[in-house]
Amino acid sequence: MKQKVYSVVLKGTLLFFGLLTILPFVWMLSSSFKTNIEIRSNVQSFIPQQFTIQNYANVLEHFNFLRYFINSLLYALLITLITIYTSTAAGFVLGKYRFKGRQLLFTCILLTMMVPGIVTIIPRYSIMQFLGWIDTYQALIVPSSFTAFGIFMMRQATFSIPDEMLDAARIDGANEFYLFHRIVLPQLRNSIVSLAIFQFLWAWDDYLWPYLMIRTEKKSLLSVALNLFNGRYSTDYASLFAATSIAIIPVIIFYLVFQKHFIEGVSSSSITG
């Protein structure tokens, strides 16, 4: 009986905090169907009093939304694919190969996770300026091609692959390139999906670095372009809510497609000997 009560209380608590988490998103979606007058009104209601879809029409007609959306989608997908490959390769090397300085190298990688990203903004900006990469996609992609979190996560995941399996493949004549692509990658599928979800979300929501690097409007990402709704004296909140509601669709779809492997991937990447 005591265990049943504990289970009910736990589920009720999780449900409460779950609803509390999604409430701002539901409010944003609801506000996207309101008029600006209703949004600015002192008396607020959850359900739109004057339901309208004109906000979505305004976004598509008067705002180059599709261009910014495609820019962000391609950027997020490309960064995700590159990061998955580099993190998996580095994690495999650090987890399964024995060489001098391996632990020191891994420690240095972990130390970079303790440095706030804002601290490296000026050095990275100076490097991009020196290379002449300002207002280019290289400035967005290259610095994000390696992530300490991804390397750490994939290194821990490689411990689940038996050394005997790899040694048997080597005895059968498999080279290291074949070993990595045909044996290691399929074994790390769940962890790769988990990393992909994290990385896609980070890339899709990235704002400060694209804001500093990209100067041409046609190259802007959606996260930066949403600032165009902020006028000098007022903000078109209705259209901003509509654009933001559309902007979160790829993240939701990405998670729903791969959610089956997400928890398993996080669990398999936990710290082991």
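For region 12-110, the spread of Cα coordinates along the three principal axes comes to 68, 42, 19 Å, biggest extent given first.
Placing +1 on the Cβ of every Lys and Arg and -1 on the Cβ of every Asp and Glu, with nothing else charged, gives region 135-256 a dipole about its Cα centre of roughly 360 debye. Relative contact order for the chain: 30 percent, from Cα pairs under 8 Å spaced at least 6 residues apart, divided by residue count.
In region 50-268, taking the dipole from charged Cβ atoms about the Cα centre, the farthest positive-side position among 211, 111, 201 is held by 111. Here the Gaussian network model covers the chain, with springs between Cα atoms less than 10 Å apart; of 16, 33, 92, 16 fluctuates the most. If you average 1/r across every pair of different Cα atoms in region 79-209 and take the reciprocal, what Kirkwood value do you get, in Å? Evaluated over region 79-209, this radius sits at 16.3 Å. Count Lys and Arg as plus one, Asp and Glu as minus one, and take only other residues whose Cβ is under 12 Å from that of residue 214; the net charge is then 0. Out of every Cα pair in region 1-70, what percent are spaced more than 19 Å from each other? Percentage above 19 Å: 58.
Starting from a Cα-only point model with no solvent, please compute log10 I(q)/I(0) by Debye for region 50-268 at q = 0.08, 0.09, 0.18 1/Å. Ignoring solvent entirely, the Cα scatterers give -0.38, -0.47, -1.30.
Along region 46-63 the Karplus relation, 6.51 cos²θ - 1.76 cosθ + 1.60 evaluated at θ = phi - 60°, assigns HN-Hα couplings of 5, 8, x, 7, 10, 5, 8, 10, 5, 4, 5, 5, 5, 4, 6, 8, 9, 10 Hz to successive residues, with x for each Gly and Pro.
Tell me, what is the percent relative contact order of region 145-260, built from C-alpha pairs under 8 Å that lie six or more residues apart? Before the final figure, lay out each step's value.
On the way: 46 pairs, mean separation 24.5, N = 116.
Normalised by residue count, the contact order of region 145-260 is 21 percent.
Only the Cβ atoms of Lys and Arg (+1) and of Asp and Glu (-1) were treated as charged; on that basis the dipole of region 106-190 about its Cα centre amounts to roughly 260 debye. Residue by residue, region 199-214 carries 3J(HN,Hα) couplings of 5, 4, 5, 5, 5, 5, 8, 4, 10, 4, 5, x, 5, 6, 8, 8 Hz when phi is fed to the Karplus relation 6.51 cos²θ - 1.76 cosθ + 1.60 (θ = phi - 60°); x denotes Gly or Pro.
Note on the chain: with charges restricted to the Cβ of Lys and Arg (+1) and Asp and Glu (-1), its dipole about the Cα centre is near 380 debye.
None of the figures in this text is laboratory data; all of them are computed from the coordinates on show. The model shown is predicted, which means the values in this text are computed figures rather than measured ones. Cβ atoms come from the backbone with ideal geometry, glycine included; neighbour counts cover every protein chain shown.
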